[in-house]
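Undergrad: Would you mind keeping the following structure in view while I ask a few things?
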Amino acid sequence: MKKDNLPAQIPVFPLSNFIIFPKATVPLNIFEPRYIEMVNDSMKSNKIIGMIQPKNSAGGNNSPELHEVGCLGKITSFKETEDGRYLIELKGLIRFENIKELTTGKKYRVLNVNYENFYEDLKDEKENLNFSDLELIFKDLKSLFEKRGFIINWKALEKQSLDETVNALAMASPFSLEEKQVLLEAKNLNMRKNKIAEILSTYTYDIYDNTTIQ
């Protein structure tokens, strides 16, 4: 998608425990009536939905406060189940900044957003980062994934571009939601790589079976 075509107003899915990164594709199971309506509207227009995390997932608040940064996604696959759910795949395009919420007659939430800090997300050229630069991070991340029982197809990841790989690992990692939000907000791939290294350093004891006395 070209930056001139990016919509200023987007429907958003404020889903707790879920972050999508640019160039990553994720499956979603849509069953709430307001989000069924949102997907219907999106399919009739540009197939665009914004994913953004609520700041607090606790409580029954229907309109929780949202984080400042989310990611725009495009519906790349759509299937309706016999019981009326939608199974979609969403591909991350570009991050956005939450400017303000709009009042509409819709059941779902709509934001006025800005993309200007994140146009780099739309570029396809490879960033100047060597895979060897990331090997240590991957080694530690691999240990953490395996320790937590996560199964990753590392060989498949190595065939992807570096930014796709880093974003996929950041999204799938067993980090906390706050840590993933920090990774999402990291300005570029190099900063994201450094943030992953910082976060991993706090997991070092866990990785190497060391224990500390509390």
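Throughout, read-outs are computed from the coordinates displayed, never taken from laboratory work. The model shown is predicted, which means the values in this text are computed figures rather than measured ones. Counting neighbours? That spans all protein chains shown, and the Cβs are built from the backbone with ideal geometry, glycine included.
Undergrad: How many of the residues making up region 64-81 are without any contact (Cβ under 8 Å) to a residue 24 or more places away in the chain and surrounded by 14 or more Cβ atoms within 10 Å (Cβ to Cβ)?
TA: 0
Undergrad: When only residues in region 155-168 that are under 22 Å from Phe96 (Cβ atoms) and hydrophobic (A, V, I, L, M, F, W, C) count, which is surrounded by the most Cβ atoms within 10 Å (Cβ to Cβ)?
TA: Val166
Undergrad: A further question on this structure: Keeping to region 82-100, report how many residues are free of Cβ contacts under 8 Å to residues at least 60 places away in the same chain, among the acidic types (Asp, Glu) and surrounded by 14 or more Cβ atoms within 10 Å (Cβ to Cβ).
TA: Residues that pass the stated criteria total 1.
Undergrad: Another question, if that's okay. Looking only at region 42-56, count how many residues are surrounded by 13 or more Cβ atoms within 10 Å (Cβ to Cβ) and closer than 30 Å to Glu82 by Cβ.
TA: Count: 8.
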